[in-house]
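The values are calculated or read from the model by the stated rules, or taken from the named source; none is laboratory data. Keep in mind that what you see is a predicted model, and the values were worked out from it rather than measured. Heads up, the Cβs are rebuilt from the backbone with ideal geometry, glycines too, and the neighbour counts pull from every protein chain shown. Heads up: the accessible areas ignore ligands, DNA and RNA and are worked out on the full protein's heavy atoms, side chains in. Shrake-Rupley method; radii C 1.70, N 1.55, O 1.52, S 1.80 Å.
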Amino acid sequence: MKPNAMIAVAAAAFVPAFAAAQETTLKLVSAFGETTTYVKHITPWMQKFNAEGKGVLQINFIGGPKAIPTFEVGTSVKNGVVEMAMSTGAFYTNLMPEADFLKLAQISVAEQRRNGAFDYINKVWNQKANMQYLARIVEDTPFHLYLTKRIDKPDLKDLKIRVTPVYRDFFAAMGATLMQTAPGEVYTALERGVVDGYGWPIQGIFDLNWHEKTKFRVDPGFYNAEVSIIMNLESYRKLSPAQRQFLEKQSLALEAGNDVWKRLNEEDTKRQAQAGIQTITFDPATAKKYLDLAYDVAWASAVKASPEHGPQLKKLLSR
Ligand code: 173
């Protein structure tokens, strides 16, 4: 055995005792409500994490937006009020505009890990948000525009639409009046007629009963919904090598489960039809224009907001 290998073996032998001496518990908050599919998706993962992580690492799930409001989750992770969160970047653009660029990814997260995008994301997330980006937990999931009123062309001039940063530039480019809300406020906004529609992925409108108030879904979908696990950088750096290795293994296991989304999306698409939600489709040329507009305005605004990282991320995340 070479000396280096001997040291490695010797060090490995000490790891369990060392790690057992310092089990760390990480508080995790969800920016999405506790009844959502996103929370349901990570619940068995957290259970397995805690079962396998005894003596090493534990997650203490502290809840959803009742614990920390959706748009404050990013700041709470940045400041270490909680060690971890499940969120989408659109909810923490107050920390950096780049947070919302990951919706524009056209390649899988596995591919992002191979082509350097994942490391690049971490460089930016470390520097600008004091965060480690651990795992992307949603893939293959487009966003759609949902409406209470029919439209026959991509013109939202007379409509007031609920948005987050995900949809803002695109819907504004089609003339919509915008109103930003957390997901938890969408139902009431629809019920009171304060908005005529909203942006949301293809999956999930049943989680908060929005189907009751939704009449139309506009096809095609656009972008690629991003929901991820993020972590406070100091908390991440404090982990022992064994803890980090465990966390990495669990993060990859979580991403390996992303093939469920295609099925869940198909199920919800059917369920929407069964619930009487009609689809509005455009002719092929108009649909292409709609999609081109979605990406063009989003990347233009990304490059403008982040002249340094926008173009790099565009290169790394586009097909
Ligand atoms: O709240 C939202 O519409 C939003 O930005 C989002 C992002 C990713 C997944 C689900 C919702």
| query | Antiparallel as a % of all DSSP beta bridges within the chain, to the nearest 5? | reply | 50
| Where region 181-319 is the region considered: accessible area per residue in Å², 1.4 Å probe | 48
| Heavy-atom accessible surface of region 255-303: percent carbon and sulfur, 1.4 Å | 56
| query | When Rg is the radius of gyration of the Cα atoms in the chain and Rh is its Kirkwood radius, what does Rg/Rh come to? | reply | 1.01
| said: When a/c reaches 1.5 or more, the comparison of a/b and b/c decides; with that in mind, is region 243-319 rounded, prolate or oblate per its Cα gyration tensor? | reply: oblate
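Given only helices, namely DSSP H runs of n ≥ 4 each adding -39500 (n - 2.57), what is the per-residue ellipticity at 222 nm of the chain, to the nearest 500 deg cm²/dmol?
Values: 12 runs with 143 residues, N = 319.
Mean residue ellipticity, 222 nm, calculated: -14000 deg cm²/dmol.
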| field | Per DSSP, loop trypsin sites (Lys or Arg not before Pro) in region 167-241 with at most 12 further Cβ within 10 Å | value | Arg192
| field | Over region 213-256, equivalent-ellipsoid semi-axes from the Cα gyration tensor in Å | value | 37, 12, 8
| query | Taking the Cα centre of the chain as the origin and placing charges on Cβ (Lys, Arg +1; Asp, Glu -1), which of Gly199, Gln243, Tyr133 is farthest toward the positive end of the dipole? | reply | Gln243
| request: Of the listed pairs Lys103/Lys288; Lys78/Lys304; Lys27/Lys54; Lys48/Lys123; Lys249/Lys270; Lys40/Lys149, which have alpha-carbon separations greater than 27 Å here? | output: Lys48/Lys123; Lys249/Lys270; Lys40/Lys149
